[in-house]
Amino acid sequence: MLTHWVVMPTCLPQVLRRCHTCASGRFRADGKFRVNANHKRLDAWLLALCTTCGATTKLTVLERANVRSVRPALLDRMHSNDPALAAELLQDPVLLRRNRVSVDWVGAWRLDTGDEAPDHLDGEVLDVSVRFAARIPVRPVRLIAEGCGLSRGEVERLVAEGKVVSAVRLGGRTSGDFSFMLKR
């Protein structure tokens, strides 16, 4: 029987960038945008607040873009401070690279296994498909341990014994969908 798990975001990730005021390295984005128009050109930023001192930093979304080239729906979402748009933008690798920042997903996601207790371990074989609702880099060993109610050391031992089989490498991080099979 195939079981479906979903890795879901619970909040926006923290932005990792050095604060110019207090030298902290973390910012919290809450979905606020600033849009500035200068004649036919448009600039837009996603605002983030320092977690220590509250100073504001701007992540460039649009820079000197022609007003006619910006989709009206996108502009409306920025004017209404849409948090879903902020979540989409914080997952965009081009935007992160352009602003020279990275994001930290620690504490900003949860694993939805579809059941309350790990009673599905009674069978001989557990076949699981893991889907990511957002591009959250997580170690598959951690997901397997959390979903099955095992320790990470025990899951690593099962991987070494060949009792956990997957097409993806279970040792590193992944943010893409994968499946695995746990043999008891």
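Structure summary
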| quantity | calculated |
| --- | --- |
| Separation of the residue 22 and residue 154 label points, Cα + 7 Å toward Cβ, nm | 4.1 |
| Approximate spin-label separation residue 104-residue 73, in nm, with each point projected 7 Å along Cα-to-Cβ | 3.5 |
| Theoretical FRET efficiency, 1/(1+(r/R0)^6), r = Cβ-Cβ of residue 11 and residue 175, R0 22 Å, to 0.05 | 0.80 |
| FRET E, pair residue 131, residue 58, Förster distance 41 Å, beta-carbon r, rounded to 0.05 | 0.80 |
| The chain - mean residue ellipticity at 222 nm from DSSP helices (-39,500 (n - 2.57) per run, n ≥ 4, rounded to 500) | -6000 deg cm²/dmol |
| Test item: Cα-centred dipole of segment 56-119, Lys/Arg +1 and Asp/Glu -1 on Cβ, debye | 820 |
| Accessible surface, the chain, averaged per residue in Å² (probe 1.4 Å) | 58 |
| For the chain, size of Cβ-based charge dipole, Lys and Arg +1, Asp and Glu -1, in debye | 1360 |
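The values are calculated or read from the model by the stated rules, or taken from the named source; none is laboratory data. Nothing here was measured: the structure is a model prediction, and the numbers come from that model. Positions of Cβ are backbone-derived with ideal geometry, glycine not excepted, and every protein chain shown enters the neighbour counts. Note: areas computed on protein heavy atoms with side chains; ligands, DNA, RNA excluded. Shrake-Rupley method; radii C 1.70, N 1.55, O 1.52, S 1.80 Å.
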